[in-house]
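The structure under discussion appears below in the form of structure tokens.
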Amino acid sequence: MTLDIQSPYHAWRKLKNIAMSVLSLVCAVAVVAPLALILFYLLKEGAGSVDWRFFTQLPKPVGEAGGGMANAIVGTLTLLALASLIGVPVGVLGGVYLSEYGAERVNWWIRFGADVLNGVPSIVWGIVAYALVVVPMKGFSAYAGGVALGFMMIPLIIRTTEEVLLLVPNGYREAALALGISRWKIIVHIVMKTALRGIVTGVLLAGARIAGETAPLLFTAFGNRFWTHHLKDPIAALPLQIFSYAISPYDDWHRQAWAGALVLILIIFLINVGVRALTRGRLFGAPR
Amino acid sequence: MTVIPTATQPEQEAKLPGSEKPQRPVHTVFATPARREKPSRGTPVSEVAFEVDNLCCWFGQNQAVYDLSLRLPAKAVTAIIGPSGCGKSTFLRCLNRMHELVRGSRLTGQIRLFGEDIHGSRVDATLVRRRVGMVFQKSNPFPTMTIAENVTVGLRLNGVRGRAVLEKRMERALRMAALWDEVKDRLDRPGTSLSGGQQQRLCIARALAVQPEVLLMDEPASALDPIATMKIEELIQELKKDYTIVIVTHNMQQAARCSDHTAFFYMGRLVEYDRTEKVFTNPSNKQTEDYVTGRFG
């Protein structure tokens, strides 16, 4: 029996085909559209207030014009550094354990734990850091904020590190073993080196993810209108400053909050662009 | 005096493919080779590199190698042939303790390297692997390293320091692998920039640089074109002056061309082991004959 290639049934099939393509295109655009809208709105509202003073000056008291968020920008970077001190070693080594050492049953529990922790509301991390750091130290501090954010980084980094290490072909491990190289040297010098771009990408993405967190900092880092001279003291952070300025009744501060939001999203945007430049479509391999 | 090769034959009748005899338990008593068969005339007499006794290997519940006993001569090439899944790669990976790295794997029996039990309680598997190098089917130079770094990585990570020493040993390894002239002007290029055949010789150089006594080769030329294959085979002939070489191959012409002794494996058992010439021209076992003449497998 021959197939009737002009059958109306096939026209209907073509129609369905087109409908599905259009539907998925609309959904894809819907993913990108909010990003464009957010950027557009932030630029419109905030760009006017972003000038060099914003990056160099402390906040001014209410009523005085000008002032900036220099302390909050430095504070956010400080908190990111503190968080990385906890999150990067624990996360990366945890990922190494999952990929290189762990028994299947243990791994299942660790992965499950990491996935649950990834879903823990960020305010809960704030409470954890409050109980672990703020209460014993009798005060809000940069340390406490760093601990809260560092804990949040761990499960993110564990999973990305494990995934990129598993992408390293087993042939490299076997070749190295056959050369009589010890296990840990193989992991450090061959497996991790091969997957280095992927690991760094995971760390940067985790950093970008926590850079915008506000809730865990509310009762840990607490915020500060001035420079923080010691990490035992409360420290400012961009998201905190945006939060307190946005809920204030002053127009000056609202404008500053818009500017802060713009700067924060630009920092995260830059990290993501950096990640793209680093990976260029490949998660590991020799530098070109 | 050690007479080689000395394959021990299972006492049971050779099974034809597809015959449904239940498999016998391992550790059957083997007739010792000396008692069982007179070595054929002209069998070389030399030092033994590996003595394997009653080796059985499992992957989980699946037994891959059954009660294998044989002697591998030093400074000679032994080829292992047999159809896919016959246990030849597993056997090879037992010789440098790579088999045990597979999850759920285990083995019984004894393997001695120049008289030393490689599974002895005080033996470090890492050091066994330094004496028994391996080249894999798929060439795998480390992608983050240059040609020079690839060759010296085994030395550097095992604590050899000193630029002059490393350079000397790198050049020697590359020369032995017949690659020096092709790469001496681009030692700083990535190892992965070489052609497939060159990459495989780079892997051989990498294995030779740590100065092993034995080189295991798991189908080293099966992914290469005929010219690259020929180069690897010529290289094997050169290397056997200094090294004990055990090569697993699917290619019977290759086994016939470059080996001194050939072992035929079938379904996890050693069926025949003799001088290569004998295995290919006058095999004593019907299964071997069928395999080498291409009637099955």
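The values are calculated or read from the model by the stated rules, or taken from the named source; none is laboratory data. None of these values were measured; they are calculated from a predicted model. Backbone-built Cβ (ideal geometry, glycine too); neighbour counts: all protein chains shown.
Got a sec? Which of B:293, B:281, B:262 is over 28 Å from residue B:147 (Cβ atoms) and crowded, with 23+ Cβ neighbours inside 10 Å?
Selected residue: B:262, the only one of B:293, B:281, B:262 that is over 28 Å from residue B:147 (Cβ atoms) and crowded, with 23+ Cβ neighbours inside 10 Å.
Among residues belonging to segment B:209-223 that are out of contact with any strand residue (DSSP E or B) (no Cβ under 7 Å at 6 or more places or on another chain) and modelled with pLDDT of 90 or more, point out the one that is nearest to the other protein chains (Cβ to nearest Cβ).
Checking each candidate, the answer is B:209.
Could you tell me which numbered condition residue B:196 fails, if it satisfies all but one of (1) more than 22 Å from residue A:186 (Cα to Cα); (2) without any contact (Cβ under 8 Å) to a residue 40 or more places away in the chain; (3) not hydroxyl-bearing (Ser, Thr, Tyr)?
Against the list (1) more than 22 Å from residue A:186 (Cα to Cα); (2) without any contact (Cβ under 8 Å) to a residue 40 or more places away in the chain; (3) not hydroxyl-bearing (Ser, Thr, Tyr), residue B:196 comes up short only on (2).
Sort out which residues of segment B:240-268 are of a type in the set (Gly, Ala, Ser) and either in contact with a strand residue (DSSP E or B) (Cβ under 6 Å, 6 or more places away or on another chain) or under 16 Å from residue B:51 (Cα atoms) (or both), and write them in order of number.
B:255, B:259, B:263, B:268
Can you tell me how many residues in segment A:177-222 are buried (at least 21 other Cβ atoms within 10 Å of the Cβ), more than 18 Å from residue A:167 (Cα to Cα) and small (Gly, Ala, Ser)?
The number of residues fulfilling the criteria is 6.
Under the condition of being buried (at least 20 other Cβ atoms within 10 Å of the Cβ) and either touching a strand residue (DSSP E or B) at 6+ places or on another chain (Cβ under 8 Å) or under 30 Å from residue A:264 (Cα atoms) (or both), which residue from segment A:160-174 is nearest to the other protein chains (Cβ to nearest Cβ)?
A:164
Suppose we filter B:173, B:207 for residues that are under 20 Å from residue A:181 (Cβ atoms) and within 18 Å of the chain's Cα centre (by Cα); which single one remains?
B:207
Of the numbered conditions (1) farther than 16 Å from residue B:71 by Cα; (2) aliphatic (A, V, I, L, M); (3) surrounded by fewer than 24 Cβ atoms within 10 Å (Cβ to Cβ); (4) in contact with a helix residue (DSSP H, G or I) (Cβ under 9 Å, 6 or more places away or on another chain), residue B:208 satisfies every one except a single condition; which is it?
The number of the failed condition is (3).
For segment A:192-241: of the residues being in a loop (DSSP other than H, G, I, E, B) and among the charged types (D, E, K, R), which is nearest to the other protein chains (Cβ to nearest Cβ)?
Selected residue: A:213.
Being under 26 Å from residue B:50 (Cα atoms), more than 19 Å from the chain's Cα centre (by Cα), away from chain A (no Cβ under 13 Å) and surrounded by fewer than 22 Cβ atoms within 10 Å (Cβ to Cβ), is that true of even one residue in segment B:122-132?
yes
Residues of segment A:91-115 being more than 17 Å from residue A:199 (Cβ to Cβ) and in contact with a Pro (Cβ under 8 Å, 6 or more places away or on another chain), which ones?
Answer for segment A:91-115, where residues must be more than 17 Å from residue A:199 (Cβ to Cβ) and in contact with a Pro (Cβ under 8 Å, 6 or more places away or on another chain): A:113, A:115.
Within segment B:175-201, how many residues are closer than 16 Å to residue B:136 by Cβ and either within 11 Å of chain A (Cβ to nearest Cβ) or among the hydroxyl-bearing types (Ser, Thr, Tyr) (or both)?
2
Looking at (1) hydrophobic (A, V, I, L, M, F, W, C); (2) in contact (Cβ under 8 Å) with a residue 24 or more places away in the chain; (3) surrounded by fewer than 18 Cβ atoms within 10 Å (Cβ to Cβ), which is the only condition residue A:247 fails?
Every condition holds for residue A:247 apart from (2).
Any idea which residue in segment B:104-156 is nearest to residue B:207 (Cα to Cα), counting only those that are in contact (Cβ under 8 Å) with a residue 60 or more places away in the chain and of a type in the set (Gly, Ala, Ser)?
Taking the candidates together, the pick is B:133.
Which of (1) more than 11 Å from chain A (Cβ to nearest Cβ); (2) surrounded by 14 or more Cβ atoms within 10 Å (Cβ to Cβ); (3) in contact (Cβ under 8 Å) with a residue 12 or more places away in the chain; (4) more than 24 Å from residue B:48 (Cα to Cα) does residue B:160 not meet, given it meets every other one?
(3) is the only condition that residue B:160 fails.
Sort through B:174, B:202 and tell me the only one that's out of contact with any Lys or Arg (no Cβ under 6 Å at 6 or more places or on another chain), more than 28 Å from residue B:94 (Cβ to Cβ), surrounded by 22 or more Cβ atoms within 10 Å (Cβ to Cβ) and not basic (Lys, Arg).
None of the others qualify; the one that does is B:174.
Count, please, the residues in segment A:177-213 that happen to be touching a residue at least 40 places away in the same chain (Cβ under 8 Å) and either of a type in the set (Val, Ile, Thr) or touching a Lys or Arg at 6+ places or on another chain (Cβ under 6 Å) (or both).
Residues meeting the conditions: 8.
Across segment B:135-154, what is the total count of residues that are within 9 Å of another protein chain (Cβ to nearest Cβ) and under 11 Å from residue A:179 (Cα atoms)?
3
Given the criteria part of a helix (DSSP H, G or I) and either within 27 Å of residue A:81 (Cβ to Cβ) or modelled with pLDDT of 90 or more (or both), does residue A:181 qualify?
In short, no.
Condition first: more than 18 Å from the chain's Cα centre (by Cα), on the phi > 0 side of the Ramachandran plot and within 14 Å of chain A (Cβ to nearest Cβ). Now tell me which residues in segment B:94-121 satisfy that.
B:104, the sole residue that qualifies.
Just for segment A:120-164: of the residues that are touching a Pro at 6+ places or on another chain (Cβ under 7 Å) and not in a helix (DSSP H, G or I), which one is farthest from residue A:89 (Cα to Cα)?
Only one residue fits best here, namely A:140.
Please work out if residue B:71 is under 26 Å from residue B:235 (Cβ atoms), in contact with a helix residue (DSSP H, G or I) (Cβ under 9 Å, 6 or more places away or on another chain) and away from chain A (no Cβ under 14 Å).
Yes, satisfied.
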